[in-house]
2 protein chains.
Amino acid sequence: MIRNEPGNVPIFEGVSVSTQAIEAVPLRPSPVDLVETFDRILAQRESIEAVLRDAFDKGAKRVYLVGSGGSYLANFNAAYLLEKHLADVTVHHITSGEFLAREPLGVNADAIVIAGSHTGGTKETVASVEFAKKRGATVLAYCSNADTALGAASPNFWSYDSKTTTGDAKQLFTAVFAYAVLKTAGADLDFEAIERNYAKLGPAIKQIHEKVDAEYGELAKKYHTENVTYVVGSGPGQAAAYNLSMCYLMEMQWMNSGFFNAAEFFHGAVEIVEDDVPVFVFLGEDSTRPLAERVRDFAVQRSSKVVTFDSKDFELEGFDEEYRYLAAPHILFTLTGRLAAQYAILNNHDLSTRRYMGKVAY
Amino acid sequence: MIRNEPGNVPIFEGVSVSTQAIEAVPLRPSPVDLVETFDRILAQRESIEAVLRDAFDKGAKRVYLVGSGGSYLANFNAAYLLEKHLADVTVHHITSGEFLAREPLGVNADAIVIAGSHTGGTKETVASVEFAKKRGATVLAYCSNADTALGAASPNFWSYDSKTTTGDAKQLFTAVFAYAVLKTAGADLDFEAIERNYAKLGPAIKQIHEKVDAEYGELAKKYHTENVTYVVGSGPGQAAAYNLSMCYLMEMQWMNSGFFNAAEFFHGAVEIVEDDVPVFVFLGEDSTRPLAERVRDFAVQRSSKVVTFDSKDFELEGFDEEYRYLAAPHILFTLTGRLAAQYAILNNHDLSTRRYMGKVAY
């Protein structure tokens, strides 16, 4: 296990120490095309709704949200929204691997399968689309660009067309899919107000990046050498917690970590909390917020290393107060990327440096 | 963070070192009443079926499996079985905390809510039952004994009536519920054969306990001082992996750990695997086995500390070969308890010793 002690340069496979020591990792910039990418995604709403309207006209009853890793966790918010607002259309949030291996019997002509991937080449996700088509389901998919295996496999396909706005783009795409499902399935919501507020999200996120980039260097300095970091979230906020723990800390910084649902935290993991155990808690603005607040309230009494990421700490220019909850999952998610960018500098470990992914077959 | 170095006695809050050093922790015995408890649970099948038959006669469409911690993870197998064998009845596997906080709109007269707890006092689970009743759902619940808050709250209630057969009892109870749902909802399965094989499960588990108790001391000796232990499972086997990681290692041994779905492992966590990182993999006999095999095959090439728990390693006296899959999740689960019992001896940390649970309010 590499220990990232302060001042130490971790040695990566195939990279000489001297190269690493000379070339300091720069701050990964806030995506330059974030606002345009968000606008591009939001503009695809109507064509998505058209496909879904057809499916519901034909009697669709079940929605499967399918993806792996970052594209699995992108669906925590969408699953929450559908479960919250629909009674007779059920939602299933599942990894592509489990979806394929389980072959749920409910994947048939009454099912809508929404699959996502960044690269568009994730093999389990492409295979999930093939399986869902064979079963007669209505299949929709999205990824970074159309010229991909997923683009070729999917009868209904959309892309965000950015190489720099990635995780944030997926978070938004799944929300657009969720609201398109809610609208076409007849949920009782003010979709005009929802759309008006989402249009303000891109600029609001950019402002947040500027604010936290000025602050998160200190946070990273305090925590980048931890032996293990526990990360907790609830409801839609689980996306941020899972992403920080598994994608940023483990995958991109090779640091030990564990992710927990806030409600579950009290049924086991809580016992490892003591003074020097870092507990990072994500607090959103949905109905599951009290679950995460409970973890925070407990942990701050037992550990000096509790960090909270709270969407309420940020102004949201142009948002109606009652629709702030739309933005909260996107805020929490985007914070993880800006924090990871600071860890990368201090650990002198670029976020794109991998041991295995793209290097060895598995 | 307590480090359980070999030969060191961890210091627990409120317990003097000398006491701990003198009173060695004995091996927690295999539950003496396991076979009788299993028989008692299986004998309750018909009354469970009667309640479910009524619910399906009235048009039930959705099943919510609700619980926290050990009673949440007890449902991985049940959720798998329902998803595998039913198209028009959907299953939702959710923690009591999230269930309550989300208040899914689908919890209405068309829903069946099955709630479980060991103590019968888990407040989120009792509140989940109250919420489900208010919404008009058919509510079924089980716990260790009827004289509990959950017993009082639930209109349809069953208990396993044991203080020593606990986790194994819950695994079996959720399977009985799942097959009762499948039978009354009209799944195309040979229920007579299933029942005949389940009747053999208790004695088979007892035989497995004897075998592994003679072996697991060595395994525990090798791994009880690890800095962090990663545990992986797929499908029904996720119950064992989650249980070992969060309930046994973290809650009961105060050791660092993280749990991952086998398919997800390749989308992030894989990058922390190197020679001295322990990766424990659970291998069952269901359709998700290849997901866990893939983790094993990758990990053994990168780490010298890969441990596999494979249900295929055990004979199952009296089982038809084609029904071994019924037993596999129960085998994997029961192995975790026997391994934990050995860790407890070596860490001189009784499995019932807690920092917080039952000691402080949260």
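Remarks
- Seen against the Cα atoms of chain A and their longest principal axis, helix A:167-185 is set at about 30 degrees.
- Mean Cα-pair separation over length for segment A:204-346, i.e. relative contact order, pairs under 8 Å, 6 or more apart, %: 33
- Label point of A:Lys312 (7 Å along Cα→beta-carbon): distances to the other copies' equivalent points are 5.3 nm, sorted ascending.
- Alpha-carbon centroids, segment A:286-362 and segment A:85-146: separation in whole Å: 27
- Nearest-first distances (nm) between copies at B:Thr225, label 7 Å from Cα via Cβ: 2.4
- Helical runs assigned H by DSSP (4 residues or longer) give chain A a calculated mean residue ellipticity at 222 nm of -13000 deg cm²/dmol, each run adding -39500 (n - 2.57) before division by the residue total.
- Take every Cα pair under 8 Å whose residues are at least 6 apart in sequence, average their separation, divide by the length of chain A, and the relative contact order is 20 percent.
- Counting every other Cβ atom within 10 Å of each residue's Cβ, B:Ser30, A:Ser352 order from fewest to most as A:Ser352, B:Ser30.
- Within the listed set A:Leu172, A:Leu34, A:Leu150, the Gaussian network model of chain A (springs between alpha-carbon atoms below 10 Å) gives the highest mean-square fluctuation for A:Leu34.
- Label points for A:Gly59 are taken 7 Å from Cα along Cα→Cβ. From this copy to the others they lie 1.5 nm apart, shortest first.
- Between A:Thr174, A:Thr148, A:Thr165, the Gaussian network model of chain A with springs among Cα atoms under 10 angstrom shows the greatest mean-square fluctuation at A:Thr148.
- Once backbone amide H atoms are built at 1.01 Å from N, A:Thr308 has A:Val281 as its partners under 5 Å, excluding neighbours fewer than 5 places away on the same chain.
- Most mobile listed residue (B:Ile272, B:Ile41, B:Ile94) in chain B, GNM with C-alpha springs under 10 Å: B:Ile272
- Residue order, fewest to most surrounding Cβ atoms within 10 angstrom, among A:Phe314, A:Phe76: A:Phe314, A:Phe76
- Trypsin sites (Lys or Arg not before Pro) restricted to DSSP loop in segment A:43-87 with at most 15 other C-beta within 10 Å: A:Lys58
- Distance between the C-alpha centres of segment A:225-251 and segment B:172-226: 33 Å, rounded to the whole angstrom.
- Of the GluC sites (Glu not before Pro) found in segment A:293-336, those that fall in a DSSP loop while having at most 15 other beta-carbon atoms within 10 Å are A:Glu315, A:Glu317.
Read-outs throughout are calculated quantities, based only on the coordinates presented, and are distinct from any laboratory measurement. Note that the structure is predicted; figures quoted are calculated from it, not measured. Every residue, glycine among them, receives a Cβ derived from its backbone with ideal geometry; neighbour counts consider all protein chains shown.
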